[in-house]
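See below for the structure under consideration.
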Amino acid sequence: MKIAILKERRDGETRVAATPDTVKKLVAAGHKVAIEKGAGDTASIPDKAFGDAGATLGTLAATLKGADALFAVRAPDEATLAKLPKGILLVGQLEPHGNKAQAKAFATAGIDALAMEFTPRITRAQSMDALSSQSNLAGYRAVIEASALYGRAFPMMMTAAGTIAPAKAFVMGAGVAGLQAIATARRLGAMVSATDVRPAAKEQVGSLGAKFIAVEDEEFKAAETAGGYAKEMSKDYQAKQAELIAAHIAKQDIVVTTALIPGRPAPKLITKKMVAAMKPGSVIIDLAAAMGGNCELTKANEIVEEGGVKIAGYANLPGRLAADSSALYAKNLLNLLPLLVTEDSSKSPHWDDEIITAMALTRDGKVIHDTLK
Ligand code: NAD
C-alpha cells in the first residue's frame, strides 16, 4: 500500500511518524512511502535521509495522492482532514476518549481511523503501545527538566568547600512515566519516594530503590482495573490521600506528577496550600498538564512561579526529545503494520483482530467504537 507521512501541524508538535529506519523496512516489505517535505526537520531527520531510505518526498497534495494509509503523530487539523482521500486508513494518537465529534467527522469524511491510545494492554500488543513508548521518554525528560529548573544539584557531594545534601524527589503516579522518572532521579543521585493508588505499583517502586508512600486501605486494594489502569478514587480516599501527601510534599525539592485516569480529567493531587508549604526553589513538573494537571496551579505549556516554587506544565514532553520519541513511535506503527495488510502488502485491516477492534473508531463511513457512537 501507499503510506503517507505528513509534517505535523499541531502547535509545538516536533515528532514525525516515520524514521529512515522504519521507511527502509516499509519499503522492503513492498510498500510505497510518501513523505511531505520537511516532515522530519524538527526531529533532526533531513529530507535526504528519508529519500536515501527509499521514500518519495513531495508536497502535501502529492504525498496524499492515492495514499492508502496516513501514519500520523496527531489527528489531522480541519484543513488537512478536508484533503484526505476518501477511504484512507488513518493511524495516529487521535485523543479519542469521549471525542464523539471527531469520530463523527472522520466517519463523514469516509476515513477509517485507528487510535493508538486504544491499543489494548495485552502482551501481544506491547510493541505497538505508543502510550508506553512515549510515557517512558516523558518520565525521563521530566526529571531532566526538573534538574534544569532546580537551582541546586541532585546528588550528595562531599567537597573540600562543604557538603551538598542530596535532592529529595517525589513521584506521584508510578505507571510507565512515573517508574522511568523514579529511575532517572535515582541515577542522578536524588533520594526518591513515590505514590500511586494501584497496589501493584508498590513492589515496582520498591524494586527501583524508592520509598512507597500511599493510603493502603480497602479501596486501594481494589483500585486497579482489568486493563491495568487506575480507577477514579472516592472523595473519602482523596481526603485521606491529601492529608498524607501534604505532610510529605512540604519536605520535597522535586515533585514529578504523572497521575492519569483514562478519559477523565487528571486528579488534583497538589493544592495551592501544599505548594505554599514547599520550600522556595522547589520544582514541580506536571506531566498531566494536558489533562488539566495534577497541581491546582499548573498551566499547560507554562512555568508558573508561586512563592519561589516553579510549576512546569509541559504538555508535550515527548516532543522535547523528538528524535527518540519519533523513533519509538515510528517503530510502534511498524509493529502494527502486519495487522493492517494482507501477506502481499495490500491494505486490509484485520477488523476482527482484538487489537484492531479495540483501536478502530470508524469504518466505511460509520463510527464503530462502542464508546463513541
Ligand atoms: P496512566 O498514564 O493512565 O496513569 C499514570 C499513573 O497514575 C498510574 O500508575 C495510575 O495508577 C496513577 N494514578 C491514577 N490516579 C492516581 C491518584 N489519584 N493518585 C496517585 N496515582 C494515581 O498509567 P500508565 O502509565 O499508562 O500505566 C498503567 C498500568 O498499565 C501500569 O501498571 C503499567 O505497568 C501497565 N501497562 C501494561 C502494559 C502491558 O502491555 N501489559 C503496557 C503498558 C502499561
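The numbers here are math on the coordinates, done by the rules we state, and not lab data. Only a predicted model underlies this, so the values are computations on that prediction, with no experimental measurement involved. A quick note on method: Cβ atoms are made from the backbone with ideal geometry, for glycine too, and the neighbour counts reach across all protein chains shown.
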How much FRET efficiency would the formula 1/(1 + (r/R0)^6) give for ASP21 and SER348, where r is the Cβ-Cβ distance and R0 is 30 Å, rounded to 0.05?
0.75
Contour excess over end-to-end distance, with Cα ends at LYS272 and THR371 and 0.36 nm allotted per residue:
32.2 nm
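Any idea how many Lys pairs in region 109-242 come in under 13 angstrom at the alpha carbon, given 8 or more places apart or on separate chains? Display every interim value, and only then the final one.
Values: LYS168/LYS211; LYS202/LYS211; LYS202/LYS221; LYS221/LYS231.
Close lysine pairs under the 13 Å cut-off: 4.
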What list of ³J(HN,Hα) values in whole Hz, one per residue of region 304-314 in order, does the Karplus curve 6.51 cos²θ - 1.76 cosθ + 1.60 (θ = phi - 60°) give from phi, with Gly and Pro shown as x?
9, 10, 9, x, x, 9, 8, 10, 9, x, 4
Kindly write out, for region 272-287 in residue order, the coupling ³J(HN,Hα) from the Karplus curve 6.51 cos²θ - 1.76 cosθ + 1.60 (θ = phi - 60°), rounded to whole Hz, with x marking Gly and Pro.
4, 4, 5, 5, 4, 7, 7, 6, x, x, 5, 10, 10, 10, 9, 6
Residue exposure sequence - SER345, SER133, SER282 - by fewest surrounding Cβ within 10 Å:
SER345, SER133, SER282
In degrees from 0 to 90, rounded to the nearest 10, what is the angle of the helix 235-249 Cα long axis to the longest principal axis of the chain?
60
Which order results if THR195, THR163, THR119, THR371 are arranged by neighbouring Cβ count within 10 Å, fewest first?
THR163, THR371, THR119, THR195
Taking only Cα atoms, what is the 0 to 90° angle, nearest 10, from helix 130-149's long axis to the longest principal axis of the chain?
40
Rough spin-label spacing in nm, given labels placed 7 Å along Cα→Cβ, for ALA61 and LYS48:
2.9
If you place +1 on the Cβ of every Lys and Arg and -1 on the Cβ of every Asp and Glu, how big does the dipole about the Cα centre of the chain come out, in debye to the nearest 20?
460
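Got the relative contact order for the chain handy, in percent, Cα pairs under 8 Å and 6 or more residues apart? Kindly include the intermediate steps, with their values, before the conclusion.
Details: 809 pairs, mean separation 70.9, N = 373.
After rounding, I find 19 percent.
So for region 211-331: antiparallel DSSP bridges make up what percent, rounded to the nearest 5? Walk me through the numbers before you get to the answer.
Values: 5 of 13 bridges.
Around 40 percent of the beta bridges assigned by DSSP in region 211-331 are antiparallel ones.
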Residues whose modelled amide H sits under 5 Å from the amide H of VAL255, counting only those 5 or more places away in sequence or on another chain, are PHE170, VAL283, ILE284, ILE285
When GLU232, GLU219, GLU36 are ranked with the fewest other C-beta atoms within 10 Å first, the list becomes GLU232, GLU219, GLU36
Per the C-alpha gyration tensor (a ≥ b ≥ c, the square roots of its eigenvalues), region 286-373 is rounded if a/c is under 1.5, else prolate if a/b beats b/c, else oblate; here it's oblate
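Can you give the relative contact order of region 249-334 as a percent, counting alpha carbon pairs under 8 Å and 6+ residues apart?
On the way: 165 pairs, mean separation 22.0, N = 86.
This gives 26 percent for region 249-334.
For THR225 and THR159 in the same chain, what is the full-extension length gain: residue separation times 0.36 nm, less their Cα-Cα distance, in nm?
Full extension of this stretch gives 18.9 nm more.
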What are the ³J(HN,Hα) couplings of region 11-20, residue after residue, when phi is run through the Karplus curve with 6.51, -1.76, 1.60 and θ = phi - 60°? Round to Hz, x for glycine and proline.
3, x, 7, 9, 7, 9, 8, 8, 10, x
